[in-house]
Amino acid sequence: MGLTEQIAGYREGRGDPARLVGEFRRTTLLVPLTNTDVDVDVERPFVAAGGLMSAVSGGIRWLYAFTDEEALARFACARGEDGREWPYLAMLGARLLDAVVPMSDRPAGVAVNVADGDGSMLFPPVAGIVPDAFAVDVDPGADGGHGAVA
């Protein structure tokens, strides 16, 4: 079962959160870039020019990610920007969570297929999804510095 099927099952109340996150981590996602004129700076992937496309809401940076080019095209259309080329990086969900999220300037999560209404899913910056050191629900000072759910 692929990620879109896992999302559908979860949204219908028959999904398993652990399986959903596991499938997300194993899935290659398309992450749009903000500008093609500038190479992505791997040290600062959220800079305005040439960075990974994201939005900030409620103090959380949400990285946009899509399961396929059709889902990305629906996002472009919803923004009224379907007449231009949309460059993207293809990367595993695990890399987004384990390597990219820790580089953010604030708590970060991933918004998958955001233009798809009932087919969309948010993967927030919480324990079990992002590394504990970057989860908003983990107190890094508790449990001798090893982290514990607050």
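Throughout, read-outs are computed from the coordinates displayed, never taken from laboratory work. As the structure is a computational prediction, the values presented were derived from the model and not from experiment. Glycine also receives a Cβ, built like all others from the backbone with ideal geometry; neighbour counts cover every protein chain displayed.
So the values come out like this:
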read-out: Under 15 Å, Cβ to Cβ, from Val21 - net charge with Lys/Arg +1 and Asp/Glu -1; value: -1
read-out: Interchain or long-range residues, amide H under 5 Å from Arg61's placed H; value: Ala108, Gly109
